[in-house]
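Participant: Sending over a structure as structure tokens; questions will come in a sec.
Derivation of every value follows stated rules applied to the coordinates shown; laboratory data play no part. Because the structure is a prediction, the values reported are computed rather than measured. Because the Cβ atoms are built from the backbone with ideal geometry, glycine has one as well, and the counts that use them run over all protein chains shown.
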Amino acid sequence: MRFPSYAIGKRVFEPHRGALRAPDGTETVLRPKTAQVLLYLAERGGQVVSRHELVEAVWPGVYVTENGLTQCVADIRRALGPEEALLSTLPRRGYVLNMTPVAVAAMPAEGPCAVRHPSGIPVFAMMPFRLPCGSDPSLVAFADILLDSVVGSLSALREPIVISANSTRHLTGVREDVPALARRVGADYLASGSLQRLGERVRLSVEVSEAAQGAVVWHRAYDLTAAGLFEAPDELATTIAHMVMPRLRDAELRRALRRQHDISAYHMVLQAQAMMFRLERDSFHAAGGMLHHAVALDPGFATPHAALAHWHSLRIGQRWSADSAAEARALEVEARLALELDGGHARALALLGHSRTILHRDYDQAQDLLDRALDMAPNDAETCLWTSPTLAYTGRTTEAVGNAERAIRLSPEDPFLFRYQHFLSIAHYANGCWEQAAQWGLRSVRNNPDYTSNLAMTSAALAALGRTEEARPYVTRFTNLVPSYRVSATIPRMAFRNVAQRERYGQHLIAAGFPP
């Protein structure tokens, strides 16, 4: 596989790798959005390209201010070094890259970085399942169906980019090592598996390998009943897909650490998130400082901004902010900055939608943002989770329960599992299923006894069941954490769209023992 490159002055731009190479061989790896801006300009070398055209091309369908594009242009000029003047700004007209729009260097694919999609998203291929010689026709048919089902399940995700089953099916029985096969199909990661009958059972083995060296990053074996072989290939494929994805993300993180790209900032975000989920004030405050530092290290990196938006959201939920209105504005600023830098950042979009419901009760805009987020990442646990409260508060309670349950299935050991359980408790409470609301709320309490939003919801669910004595310890813990809390001051700000439901929730809180 060969990819075009572009000569820009004395440098060579390789869009398939997002890299700008200097004459001495040193490289600057650009952020994905910056690489997309440079590619768009390079393809139109010598032509004036307006700011509006660039924004529409690189951030389609996403509202952004001019800051995101300005940051990308600054990144390009910094990477061009002494030749930064090749990228000119024409006042009130746009930009022009002074070069000839010709692909000058067809680069051979060598290793995983060279086969990487121009967007920077990893490419994944599923090989046909291996079968013992002489396998019966039903097992052969199941292997073919399972290949299609796994590829279909992964294709529903925003990441990775998945090579079609039709492109790999003909490789049945091919005996090549992983790096050679990966180069052959143009993949960063290769999945392979086998099926074998063992008496009344069928043993299914699946493994995922990194293309560079053939190192296995994930392996799992399943025992299936022969009778139930064809009952749920789609469900099995979805399970495999969602077991594979966390391992791909881990491998991608290791790859990022090798690429010298946002290493310190990314590592700082991961550390901060590990500190945040404990909800201890001192460590939580320190996590915010780390996230601000990550932004300062690389202001064009979307992930620290999205993590800061989440940090502000938790501060508001915990009632730790002295100025909740200012905190809400900060949340939205960070989420929008993340979207300006990465228009496909589904979690930032979903968190922005959630905040429109919780903080502003702008339900229609919230639903639009959440729908767009789910379109981008339909099987991302966190994105799915953020949709549940808005659905609950607007009366779509069955969908709310379903989305929260799905989020838990997608990330059953998430460090923020207490929040997933709390959101499912909200959905059940809104649906009038107070027993289930109490059960999930109590699970959340066990995982994190200091999550104030859940302490309130769990107490209300217990009061709705008449179990007010059981609710008392949670009310006491809440009021110790938030001594100024009064139900009467909170009712007008509650997120339930239905006024009667809002008032009923307030009555349950008072019955549980909260100060009226």
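Participant: Show me, for region 437-442, the HN-Hα J-couplings you get by feeding each phi into the Karplus relation (A = 6.51, B = -1.76, C = 1.60, θ = phi - 60°), rounded to Hz, glycine and proline as x.
Facilitator: The phi angles translate into 4, 5, 4, 6, x, 5 Hz.
Participant: Can you list residues from other chains, or at least 5 along the same chain, whose modelled amide H is less than 5 Å from the amide H of ASP342?
Facilitator: It is none; the list stays empty.
Participant: Ordered by residue, what ³J(HN,Hα) values in Hz, to whole numbers, does region 33-43 give under the Karplus form 6.51 cos²θ - 1.76 cosθ + 1.60, where θ = phi - 60° and Gly and Pro are x?
Facilitator: Once θ is set to phi - 60°, the couplings for region 33-43 become 5, 5, 4, 5, 4, 5, 5, 4, 5, 5, 5 Hz.
Participant: Starting from the alpha-carbon convex hull of region 379-512, give the projected area averaged over all orientations, in nm². Could you put the intermediate results ahead of the total?
Facilitator: Numbers: hull surface 29.0 nm².
Answer in nm², one decimal: 7.3.
Participant: Skipping prolines and chain starts, which residues have an amide H placed within reach, meaning under 5 Å, of the one on ALA495, given they are 5 or more residues away or on another chain?
Facilitator: none
Participant: Still on this structure, I have one more. Does region 290-445 come out rounded, prolate or oblate, given a ≥ b ≥ c as the square roots of the eigenvalues of its C-alpha gyration tensor, rounded meaning a/c under 1.5 and, failing that, prolate meaning a/b above b/c? Intermediate results must be reported in sequence, preceding the final value.
Facilitator: Values: a/c = 1.67, a/b = 1.56, b/c = 1.07.
The shape class here is prolate.
Participant: Long-range amide H contacts for VAL162: which residues qualify at under 5 Å (H placed 1.01 Å from N, peptide plane, sequence gap of 5 or more or a different chain)?
Facilitator: Long-range HN contacts for VAL162: PHE124.
Participant: Of LYS33, LYS10, how do they rank once you tally other Cβ atoms within 10 Å and put the fewest first? It would help to have the intermediate numbers written out before the result.
Facilitator: Values: LYS33 25, LYS10 14.
Fewest-to-most ranking of LYS33, LYS10: LYS10, LYS33.
Participant: Which whole-Hz couplings ³J(HN,Hα) result when phi for each residue of region 184-190 is put into the Karplus expression 6.51 cos²θ - 1.76 cosθ + 1.60, θ = phi - 60°, listed in order with x for Gly and Pro?
Facilitator: 5, 9, x, 10, 8, 9, 10
Participant: Are there any GluC sites (Glu not before Pro) in region 395-457 that are in a DSSP loop and have at most 16 other Cβ atoms within 10 Å? List them by number.
Facilitator: Numbers: sites: GLU399, GLU405, GLU413, GLU435; in loops: GLU413.
Those that pass, being in a loop and sparsely packed, are GLU413.
Participant: Please give, to one decimal in nm, the separation of the simple spin-label points placed at GLN47 and ALA322, each 7 Å out from Cα toward the Cβ.
Facilitator: Placing both labels 7 Å beyond Cα along the Cβ direction yields 5.5 nm.
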